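Heads up: the structure comes next, in structure tokens.
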């Protein structure tokens with residue numbers, strides 16, 4: 001397993017992160033606990049969750065799984081999406097952030113969170129209020145470091161500047177969508193991260209499984225897939241064009257003797273600015289398959305083929321309608 005510094009923090013983490021979005025949805029708790037223990041035994045130290053995954057059960061399960069091994073785990077969680085009916089049950093206001101952190105600490109059964117992330121930007125709240133609240137958490141010892149997720153570059157920089165001017169803790173990470181079919185962050189997010197020392201923790205490195213060759217060109221949403229089961233942001237990215245491109249990559253990987261899923265995650269892992277891609281294993285077998293990526297290097301002779309499939313800074317138009325595509329472009333600070 002490779003290890004890397006978590007952005008501008010003083011934490012070293014594994015070059016792979018285990019995501020918990022499958023915990024309790026659909027993976028049963030007993031299997032989740034086994035997954036966490038197997039990951040720790042294999043050298044994976046970074047675990048990513050959120051206060052809304054499985055209605056909070058993902059945090060609870062992760063907390064129970066690391067009981068007795070807390071010092072071995074770097075715990076990252078997120079807050080923004082609604083968790084209840086009250087105004088402070090959502091968003092990035094001071095009260096919402098403080099309330100969300102305390103609730104996550106309880107569910108995780110821990111005294112501190114290593115990385116507390118804004119799950120999405122909140123454009124209705126002044127950045128000074130948000131960064132001030134995050135600083136309070138750090139000062140109180142409840143949070144070690146803070147980060148953002150799926151934010152445009154200008155919003156991240158605003159947070160960095162506000163924090164620096166006030167002498168507060170600033171972002172050390174950004175968690176963006178990034179994979180071979182969606183390389184838009186290379187335009188602004190990646191150079192920004194490299195310039196200001198942020199570590200990238202990409203989500204969806206397999207593009208909803210399309211890069212693993214799991215989808216049939218004629219049936220782009222197979223039964224049992226995340227896109228079919230959950231819809232929403234999962235389903236909107238699975239289109240015929242994206243599936244076809246994903247299958248091209250899978251064929252390329254197999255032709256060179258590689259497993260497509262492992263090669264796709266390895267590609268993300270080895271991109272500039274990336275600390276660790278997130279992957280969501282559902283079973284021990286899936287975990288064992290992915291752990292080997294921690295010691296892999298992406299074969300340089302395949303870089304040109306990947307660029308031909310999806311050029312740097314671009315994306316396969318893998319949204320069902322142009323409005324979704326435009327919204328995602330703008331949210332990432334990319335010229336549409």
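Quick note: the coordinates plus some simple rules give every number you see, no bench work behind them. This is a predicted model, so every value here is computed, not measured. Don't worry about glycine lacking a Cβ; one is built from the backbone with ideal geometry, like all the others, and counts go over all protein chains shown.
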> Can you put 155, 5 in order, fewest other beta carbons within 10 Å first?
Replying inline: 5, 155
> Which FRET efficiency value, to the nearest 0.05, is calculated for residue 284 and residue 8 with the Förster distance at 30 angstrom and r the Cβ-Cβ distance?
Replying inline: 0.30
>> Multiplying the sequence separation of residue 161 and residue 295 by 0.36 nm and subtracting their Cα-Cα distance, what value in nm do you get?
In response: 44.6 nm
> Using the alpha-carbon atoms, what tilt in degrees (0 to 90, nearest 10) does helix 94-108 show relative to the longest principal axis of the chain?
Replying inline: 70 degrees
> Fully extended, how many nm does the chain gain between residue 128 and residue 240 (0.36 nm per residue separation, minus their Cα-Cα distance)?
Replying inline: 36.0 nm
> With axes computed from alpha carbons, what is the tilt in degrees of helix 153-166 against the longest principal axis of the chain, rounded to the nearest 10 within 0 to 90?
Replying inline: 30 degrees
> Mean residue ellipticity at 222 nm from the helices of the chain, using -39,500 (n - 2.57) per DSSP H segment of n ≥ 4 over the full residue count, to the nearest 500 deg cm²/dmol?
Replying inline: -11500 deg cm²/dmol
>> Please compute the length gained on full extension between residue 64 and residue 1, using 0.36 nm multiplied by the number of residues separating them and subtracting their Cα-Cα distance.
In response: 20.2 nm
> What's the exposure ranking of 269, 99, 282, going from fewest to most Cβ atoms within 10 Å?
Replying inline: 282, 99, 269
> Any idea how far the Cα center of region 64-106 sits from the one of region 238-253, in Å?
Replying inline: 36 Å
> Ranked by Cβ crowding within 10 angstrom, fewest neighbours first, how are 149, 104 ordered?
Replying inline: 149, 104
> Which option, (i) -0.58, -0.69, -1.14, -1.19; (ii) -0.34, -0.44, -1.14, -1.33; (iii) -0.39, -0.48, -1.11, -1.26, is the value of log10 I(q)/I(0) by the Debye sum over Cα atoms at q = 0.08, 0.09, 0.14, 0.15 Å⁻¹ that was calculated from these coordinates?
Replying inline: (ii)
> What list of whole percents do you get for P(r) of region 1-158, with Cα-Cα distances grouped in 5 Å bins up to the one holding the largest distance?
Replying inline: 2, 9, 19, 22, 21, 15, 8, 3, 0
>> Can you give me the angle between helix 127-139 and the longest principal axis of the chain, using Cα atoms only, in degrees from 0 to 90, rounded to the nearest 10?
In response: 70 degrees
